[in-house]
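**Student:** My questions will all concern the structure given below.
The values are calculated or read from the model by the stated rules, or taken from the named source; none is laboratory data. As the structure is a computational prediction, the values presented were derived from the model and not from experiment. For neighbour counting, all protein chains shown are included, and Cβ atoms are generated from backbone atoms with ideal geometry for every residue, glycine included.
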Amino acid sequence: MVDLWKKLTGELIDIIQWLDDSNNTLVYRFERMNNEIKYGAKLTVREGQMAVFINEGQLADVFKPGMHTLTTQNMPVLSTLKGWKYGFESPFKAEVYFISTRKFTDLKWGTPGPATMRDKEFGIVRATAFGIYAIRISDPGIFIKDISGTEGRFTTDAIQENLRGKIGLRIKEVMPELGLSIIDMEAKVSVLGQMLRDRIQPDFAAMGLELVEVQVQDIGLPEEVEKAIDKRGAIAAVGNLQAYTQYETASSIHDAATTPNSAAGAGMGLGAGFAMGGNMVGQMGGAMNATNAAGSANSAAPPPLPQQMTFHVAVNGAQAGPFDMSTLQGQAGSGALKRDSLVWKAGMAQWAKAADVPELAALFAGVPPPLPPA
């Protein structure tokens with residue numbers, strides 16, 4: 001008789017509680033293993049939780065945090081569903097679901113594809129965005145009825161994809177509405193996040209959720225826009241592009257002339273430097289010619305420029321050049337071209353010292369001769 005009584009009382013549940021050891025569980029169904037709940041059982045609902053009783057698929061009573069003794073008085077809905085008009089003292093069966101009402105943070109979202117928008121500086125651009133958001137359950141009844149259902153354990157993993165999609169699609173609408181340049185938009189991510197939260201909150205509320213916050217962590221720019229920004233920043237940092245080109249050209253000439261055992265490199269450095277300078281001059285001249293032609297369609301084209309005299313120079317036993325007179329004058333001034341440097345141009349029978357060539361002799365007029373031996 002004693003064993004039978006122990007068996008019967010062991011099938012009655014008198015303590016109902018949930019110790020949450022996870023960080024992603026939204027809803028947990030209390031496992032009663034087909035046992036009946038004892039009349040007067042203790043229900044413990046901890047902070048950050050709510051407990052919901054469901055009878056045969058119908059939502060019954062909802063309990064907030066605290067210690068509750070299950071009687072007719074504190075279960076009015078379930079009493080009505082069970083037909084306990086005059087109270088009860090017998091065990092009963094009902095599904096008990098614990099709801100986690102804490103805030104779930106660091107949930108990630110991102111645009112499913114680029115958002116096409118008009119930019120006042122770059123025209124039509126395609127941008128992406130991503131960030132994090134936070135939620136919590138605000139209406140347990142709606143959430144269980146419409147979302148989690150009878151799942152024994154419902155986690156954020158089961159709903160993240162749906163929520164991520166809602167945010168990702170809506171931000172593609174919100175980004176163009178800001179009316180900002182794609183560059184300025186990165187400085188307004190907090191405003192963008194607030195607008196996004198206000199726009200989407202009704203959709204979350206319909207699922208029994210509160211969208212606590214939305215953070216926009218970054219705006220992804222198209223590769224061509226990023227390159228344009230980099231170029232614009234480089235030009236702004238340099239300031240005067242012509243002066244920058246002249247400085248780079250002079251530096252390459254000096255480095256090539258003063259680096260030992262690099263005659264070929266000297267020739268390449270000089271040639272590349274002056275080619276760049278020539279290209280800049282050509283581009284500027286071309287732009288000026290185009291402007292003049294547009295302003296006076298009947299004006300005659302100017303005659304071609306005369307060919308400049310060029311010389312090859314022997315540097316450390318290797319041939320470098322050809323260099324025009326302006327370049328050679330700079331070399332003579334820096335000491336890279338000396339009086340006894342061997343030079344040659346088209347029409348000369350053989351290499352000769354620079355000082356012996358009439359066209360180059362004048363370059364050394366202001367250059368002192370080498371000191372006599374001590």
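Per-residue answers, yes or no, for (1) modelled with pLDDT under 60; (2) closer than 20 Å to residue 163 by Cα; (3) loosely packed, with under 12 Cβ neighbours inside 10 Å:
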residue: 196; (1), (2), (3): no, yes, no
residue: 206; (1), (2), (3): no, yes, yes
residue: 212; (1), (2), (3): no, yes, no
residue: 227; (1), (2), (3): no, no, yes
residue: 243; (1), (2), (3): yes, no, yes
residue: 264; (1), (2), (3): yes, no, no
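**Student:** Is segment 298-317 home to any residue that is in a loop (DSSP other than H, G, I, E, B), in contact with a helix residue (DSSP H, G or I) (Cβ under 6 Å, 6 or more places away or on another chain), at pLDDT below 80 and not hydrophobic (A, V, I, L, M, F, W, C)?
**Tutor:** Checked against the condition, which is being in a loop (DSSP other than H, G, I, E, B), in contact with a helix residue (DSSP H, G or I) (Cβ under 6 Å, 6 or more places away or on another chain), at pLDDT below 80 and not hydrophobic (A, V, I, L, M, F, W, C), segment 298-317 yields at least one hit.
**Student:** Here is a follow-up. Quick check, is residue 67 in a strand (DSSP E or B) and within 19 Å of the chain's Cα centre (by Cα)?
**Tutor:** No.
**Student:** Select from segment 177-196 the residues that are touching a residue at least 40 places away in the same chain (Cβ under 8 Å) and not aliphatic (A, V, I, L, M) and list them in ascending order.
**Tutor:** Those that are touching a residue at least 40 places away in the same chain (Cβ under 8 Å) and not aliphatic (A, V, I, L, M): 181, 193.
**Student:** Among the candidates 116, 111, which residue alone is within 30 Å of residue 161 (Cβ to Cβ) and surrounded by fewer than 16 Cβ atoms within 10 Å (Cβ to Cβ)?
**Tutor:** It is 116.
**Student:** Restricting to segment 75-101, count the residues that are over 20 Å from residue 35 (Cβ atoms) and either buried (at least 18 other Cβ atoms within 10 Å of the Cβ) or in contact with a strand residue (DSSP E or B) (Cβ under 9 Å, 6 or more places away or on another chain) (or both).
**Tutor:** Of the residues in segment 75-101, 7 are over 20 Å from residue 35 (Cβ atoms) and either buried (at least 18 other Cβ atoms within 10 Å of the Cβ) or in contact with a strand residue (DSSP E or B) (Cβ under 9 Å, 6 or more places away or on another chain) (or both).
Conditions (1) in contact with a helix residue (DSSP H, G or I) (Cβ under 9 Å, 6 or more places away or on another chain); (2) on the phi < 0 side of the Ramachandran plot; (3) of a type in the set (A, V, I, L, M, F, W, C), marked per residue:
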site: 154; (1), (2), (3): yes, yes, yes
site: 160; (1), (2), (3): no, yes, no
site: 169; (1), (2), (3): no, yes, yes
site: 174; (1), (2), (3): yes, yes, yes
site: 180; (1), (2), (3): yes, yes, yes
site: 183; (1), (2), (3): yes, yes, yes
site: 203; (1), (2), (3): yes, yes, no
site: 210; (1), (2), (3): yes, yes, no
site: 216; (1), (2), (3): yes, yes, yes
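**Student:** Residue pairs, Cβ under 7 Å, 6 or more apart or interchain, first in segment 318-339 and in contact (Cβ under 8 Å) with a residue 60 or more places away in the chain, second part of a helix (DSSP H, G or I). List them.
**Tutor:** Close Cβ pairs (under 7 Å, with a partner that is part of a helix (DSSP H, G or I)) amount to 327/270; 327/274; 330/253; 331/257; 334/254; 334/257; 336/257.
**Student:** Let me ask something else. Filter segment 87-109 down to residues that are assigned to a loop (DSSP other than H, G, I, E, B) and more than 41 Å from the chain's Cα centre (by Cα) and give me whichever is nearest to residue 209 (Cα to Cα). Even if it seems obvious, please write down each step before you answer.
**Tutor:** Step one: filter segment 87-109 for residues assigned to a loop (DSSP other than H, G, I, E, B), giving 87-91, 93-94, 101-103.
When the remaining residues are screened for being more than 41 Å from the chain's Cα centre (by Cα), the result is 87-91, 93-94.
Values: 87: 35, 88: 35, 89: 37, 90: 36, 91: 34, 93: 29, 94: 25 Å.
Once the filter is applied, the top-ranked residue is 94.
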